[in-house]
Amino acid sequence: MRTVVVTGAGGFLGKLLVEKLSKDESIETILALDMKEPLESLGNLPKTKKKVVDITDELQVKKAIEGYQVHGVVHLAAIMSGLSEADITSAMKINMIGAINMMLSVANEATNPRFVFSSSIAAFGNVAHKATYNPDINGGAPDDRQPASTYGSTKAAVELLLANYSRKKLIDGISLRIPIVAVRPGIPSGAASTFVSDLVREPLQGNNVQCPVEPEQSVVVISPRKTIEALYKALLHMNTSQLGPSRVLVVPGISAQAKDYVESLRKIAGEETAKRVSYRKDPKIYDIISTWPSKMDSKLARKLGLSPDDSSDDIVRQFIEDYMPGANI
Ligand SMILES: NC(=O)c1ccc[n+]([C@@H]2O[C@H](COP(=O)([O-])OP(=O)(O)OC[C@H]3O[C@@H](n4cnc5c(N)ncnc54)[C@H](O)[C@@H]3O)[C@@H](O)[C@H]2O)c1
């Protein structure tokens, strides 16, 4: 594969992915697209050409990839769930029109480029209220999308458009429905799900944190390591023939309750650290999170080589290894 495009390349997942792709021998050029500031923070990586692009502007997107034969895209640029709910206009423009602009700009019947879309389990929406929903919906079951948030609606809508573009063989699409990615370093993001990361990161860094959902709230989580592995495999090493017409693949995560992460903190970092967590329900966050699946069983993704993390302990340990090396824990 020669040229690949990564959008949202200066974001949390984008940076990790571009770093990994820049070490891959099969890739000649990475076009890293993002807004100015996030892109500046990406640093200089081999084979990587940084392009400042607002994906809501089709001309800017076309200009950025002009002259390149694009073999693959990982489309990550978006605004997250909390911001989408607060600003529906931006969500429509960035998450919807931005994704359409990307598909329009690379669609090519002759080369049929791989197009990996970072969808979310928020696309399930109210279907998630069934205790254990079987997400292997790749036969194209019509009722698997009942998003109950602006973010989930935009993700579900793009999934449909990507499936149609793939049916027309203009792109070779995969919509990865990604669980909550944790633990995220840095400051809390605009995602309603950011609390899972906050719950682990803040106490480890000596700060108190309020958990906005009840201790028994179950959430499906995946580590950054496993997420990058899924995006990488979907871009370079996945046969789409088993995906069926929906082109949706539900990425496996682990289901655990909020209090399990506090228990893991207690086990790994001690009582003092675990005591930094208190619970105070925030209806704004809870109303979004409670419509997402709390349990999933992604058989097809496992068959295609993706696997979940081991446990909440594993999620906590990975954060310490990757982002707090040398910490006395
Ligand atoms: N992090 C998670 O928990 C999670 C879970 C499921 C799905 N996803 C999806 O994965 C993708 C990446 O997530 P992330 O956590 O890295 O998010 P992030 O917010 O860290 O990165 C998103 C990037 O998109 C860029 N962007 C936003 N609007 C843009 C525009 N108009 N033009 C160009 N770039 C623009 C931002 O500048 C940012 O760098 C998103 O699509 C998200 O919905 C994330």
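Which far-off residues, 5 or more places away or on another chain, put their amide H under 5 Å from the one on residue 172, with H placed in the peptide plane?
Here 114, 115 satisfy the definition.
Need one number: nm distance between label points at residue 307 and residue 320, each 7 Å from Cα along Cα→Cβ, rounded to one decimal.
Output for this residue pair reads 2.2 nm.
Can you tell me the length gained on complete extension of the stretch residue 241 to residue 266, counting 0.36 nm per residue apart and subtracting the Cα distance?
4.5 nm
Using the structure shown, list the pairs from 63/284; 63/93; 20/93; 49/303 with a Cα-Cα distance above 31 Å, or answer none.
Working: 63/284 40 Å; 63/93 19 Å; 20/93 29 Å; 49/303 34 Å.
Listed pairs above 31 Å: 63/284; 49/303.
Lysines within cross-link reach of residue 275: Cα-Cα under 17 Å, excluding same-chain residues under 8 positions apart?
259, 267
Between 144, 314, 198, which gets the highest mean-square fluctuation from a Gaussian network model of the chain, Cα cutoff 10 Å?
Between 144, 314, 198, it is 314 that shows the largest mean-square fluctuation.
For residue 52 and residue 169 in one chain, what is 0.36 nm times their gap in residues minus the Cα-Cα distance, to one decimal in nm?
Once the chain is fully extended between residue 52 and residue 169, it gains 39.2 nm.
Using a cut-off of 20 Å between alpha-carbon atoms, which lysines can reach residue 299, once sequence neighbours fewer than 8 places away in the same chain are excluded?
Straight-line reach from residue 299, under 20 Å: 130, 226, 233.
Does anyone have the angle between helix 12-21 and the longest principal axis of the chain? Alpha-carbon axes, 0 to 90°, nearest 10?
60
Suppose R0 equals 22 Å; then what is the FRET efficiency for residue 111 and residue 23 from their Cβ-Cβ distance, rounded to the nearest 0.05?
Values: r = 24 Å, r/R0 = 1.10.
Efficiency, from the Cβ-Cβ distance: 0.35.
Hey, what did the chain get for relative contact order, percent, Cα under 8 Å, at least 6 apart?
Rounded, it is 18 percent for the chain.
Add -39500 (n - 2.57) for each DSSP H run of 4 or more in the chain, then divide by its residues: what number comes out at 222 nm, to the nearest 500 deg cm²/dmol?
It lands at -10500 deg cm²/dmol.
For helix 194-204, report the angle its Cα long axis makes with the longest principal axis of the Cα atoms of the chain; keep it between 0 and 90° and round to the nearest 10°.
Between helix and principal axis, roughly 50 degrees.
Laboratory data are not the source of any read-out in this text; all were calculated from the coordinates shown. Note that the coordinates shown come from a computational prediction; the quantities given were computed from them, not determined experimentally. So basically every Cβ, Gly included, is an ideal-geometry build from the backbone, and we count neighbours across all protein chains shown.
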